[in-house]
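The structure appears below as structure tokens.
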Amino acid sequence: MAAGLRLPWSCGMGGCGACTVRRVSGDVVMQEPNCLSAAERGAGDTLTCVGYAAGPLTLELRP
Ligand code: FES
């Protein structure tokens, strides 16, 4: 968002899932607890409102 991207969001605190994107490559650190299930995390789902890139990162926005 700081770079001018239009990203979906609602609660801004990891509780609703509105900001979920798919991590294609790289690592993300997310504040805990948050609303993602273990299965969603395993599939690469990432919450941009509480996630921080831990290096080079590629994310896929949902349509
Ligand atoms: S905006 Fe609600 S979880 Fe990110």
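The values are calculated or read from the model by the stated rules, or taken from the named source; none is laboratory data. What you see is a predicted model, and the numbers here were worked out from it, not measured in a lab. Glycine also receives a Cβ, built like all others from the backbone with ideal geometry; neighbour counts cover every protein chain displayed. The area values use the complete protein model at the heavy-atom level, side chains included, leaving out ligands, DNA and RNA. Shrake-Rupley method; radii C 1.70, N 1.55, O 1.52, S 1.80 Å.
At-a-glance table
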| read-out | value |
| --- | --- |
| Test: residue in segment 12-21 that is open to solvent by 40 Å² or more (accessible area, probe 1.4 Å), in contact (Cβ under 8 Å) with a residue 40 or more places away in the chain and not in a loop (DSSP other than H, G, I, E, B) | no |
| Enumeration of residues in segment 35-47 that are surrounded by 18 or more Cβ atoms within 10 Å (Cβ to Cβ) and among the polar types (S, T, N, Q) | Thr46 |
| Among the candidates Val24, Val50, Val28, residue that is open to solvent by less than 80 Å² (accessible area, probe 1.4 Å) and more than 9 Å from the ligand (Cβ to nearest atom) | Val28 |
| Meets criteria (assigned to a loop (DSSP other than H, G, I, E, B), within 9 Å of the ligand (Cβ to nearest atom), small (Gly, Ala, Ser) and modelled with pLDDT of 95 or more) for Gly55 | no |
